[in-house]
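Data block below; observations after.
The values are calculated or read from the model by the stated rules, or taken from the named source; none is laboratory data. This is a predicted model, so every value here is computed, not measured. Every residue, glycine among them, receives a Cβ derived from its backbone with ideal geometry; neighbour counts consider all protein chains shown. SASA here: full protein model, heavy atoms, side chains in, ligands and nucleic acids out. Shrake-Rupley method; radii C 1.70, N 1.55, O 1.52, S 1.80 Å.
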Amino acid sequence: MKKKKSFALFPLVAAVLNLICGCTSNPFGDNEISEEKRKISGVAQLADQSSAKGIMVWMAGFNVSALTDENGRFEIALPPKGSQGSTGGLSGIFNMYFFVANYLLDSAQVVVQNGAFVYGRGDVNKDGKLSAPRSLRRFLRISTAVLPAAVEKNFADRIGVNVTLEAIVDSATVLFPRSVGGFLGAVFFKRVGSEDLFIYEPVVGANTRDVTVIGKAPRSRLLVFTMLQFRCRRANTKSFPIC
């Protein structure tokens, strides 16, 4: 007897947040650095005590980034002076940003002179670590209800996906990719027991998006369909294999 294939479902929805960065000219003297210091480390956390793994840390002006580990720790390094776009390396006060989806952006200021960090200045202590952990606050709550949550390959009954969004701050701008008629634009399927990922779209290849401002009053998006109703394709290809 062939082993039945099952799939778990989750919707496609993204929150949008604008990033703002900047730097200034050198505000300090020429003798601040006794040795080259190109790395700093620190901790970033989520204020609601969710897992801190995977918070993106990004240095404006250098386009270098790192991801936090399961404890929120990270280390970020500046590129070599020769690749910083300035003879002898860049100098100035730069913003280091901390980002994860559905949480407010946070930042820290770091001082760079001649392409290297200046320890003990800005938000970096004399040991090359952030002086305090950064804490990100959630701005958007997303809850998903799927019925049934897992199905077999040839499941013929209807499947319902309902996504409810609620802003924790005053409002949040949410982008629904490929949305047509106010419904969810796509649903991902993951084959149970493997890493295979597939996508179902009510309108295949729709080049649309719906931008909606979500307030504190919950708002929902729905998609109801059957496994046999839509063509299926792998999420990272344009072909349409049978799931």
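So in region 161-177, with the set limited to residues that are in contact with a Leu (Cβ under 9 Å, 6 or more places away or on another chain) and open to solvent by 20 Å² or more (accessible area, probe 1.4 Å), which one is nearest to ALA149 (Cα to Cα)?
Within region 161-177, the subset in contact with a Leu (Cβ under 9 Å, 6 or more places away or on another chain) is 161-163, 165-169, 172-174, 176-177.
Checking the rest, the ones that are also open to solvent by 20 Å² or more (accessible area, probe 1.4 Å) come to 162, 166, 168-169, 173, 177.
Details: ASN162: 12, GLU166: 22, ILE168: 27, VAL169: 30, THR173: 28, PRO177: 22 Å.
That would be ASN162.
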So, in region 109-140, how many residues would count as being under 30 Å from GLY215 (Cβ atoms) and aliphatic (A, V, I, L, M)?
2
Per the filter on region 204-243, residues out of contact with any Phe, Trp or Tyr (no Cβ under 6 Å at 6 or more places or on another chain), open to solvent by 40 Å² or more (accessible area, probe 1.4 Å) and modelled with pLDDT of 80 or more are ASN207, THR208, ARG209, VAL211, VAL213, LYS216, ALA217, PRO218, ARG219, SER220, LEU222, VAL224
Do you know which of the residues in region 109-159 that are touching a Pro at 6+ places or on another chain (Cβ under 9 Å) and open to solvent by less than 40 Å² (accessible area, probe 1.4 Å) is nearest to LEU228 (Cα to Cα)?
ILE159
Please indicate, with yes or no, whether at least one residue in region 49-57 is in contact with a Leu (Cβ under 6 Å, 6 or more places away or on another chain), buried (at least 18 other Cβ atoms within 10 Å of the Cβ) and part of a loop (DSSP other than H, G, I, E, B).
yes
Breaking point among (1) open to solvent by less than 40 Å² (accessible area, probe 1.4 Å); (2) more than 29 Å from ILE168 (Cβ to Cβ); (3) outside any loop (DSSP other than H, G, I, E, B), for GLY89
(3)
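Quick check on my filter: what residues within region 92-108 are open to solvent by 40 Å² or more (accessible area, probe 1.4 Å) and in contact (Cβ under 8 Å) with a residue 60 or more places away in the chain? Before the answer, list the steps.
Restricting attention to region 92-108, the residues satisfying the condition of being open to solvent by 40 Å² or more (accessible area, probe 1.4 Å) are 93, 99, 101, 104-105, 107.
Listed by number, the residues that qualify are ILE93, PHE99, ALA101, LEU104, LEU105.
Within region 58-79, how many residues turn out to be of a type outside the set (A, V, I, L, M, F, W, C), without any contact (Cβ under 8 Å) to a residue 24 or more places away in the chain and surrounded by 14 or more Cβ atoms within 10 Å (Cβ to Cβ)? Outline the logic, then answer.
Going through region 58-79, the residues of a type outside the set (A, V, I, L, M, F, W, C) turn out to be 61, 63, 65, 68-73, 75, 79.
From what's left, without any contact (Cβ under 8 Å) to a residue 24 or more places away in the chain: 63, 65, 69-70, 79.
If we keep only those that are surrounded by 14 or more Cβ atoms within 10 Å (Cβ to Cβ) as well, we get 65, 69, 79.
Summing the residues that are of a type outside the set (A, V, I, L, M, F, W, C), without any contact (Cβ under 8 Å) to a residue 24 or more places away in the chain and surrounded by 14 or more Cβ atoms within 10 Å (Cβ to Cβ) in region 58-79 gives 3.
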Out of the residues in region 178-192 that are out of contact with any Ser or Thr (no Cβ under 8 Å at 6 or more places or on another chain) and either open to solvent by 30 Å² or more (accessible area, probe 1.4 Å) or among the basic types (Lys, Arg) (or both), state the one that is nearest to ASN162 (Cα to Cα).
PHE183
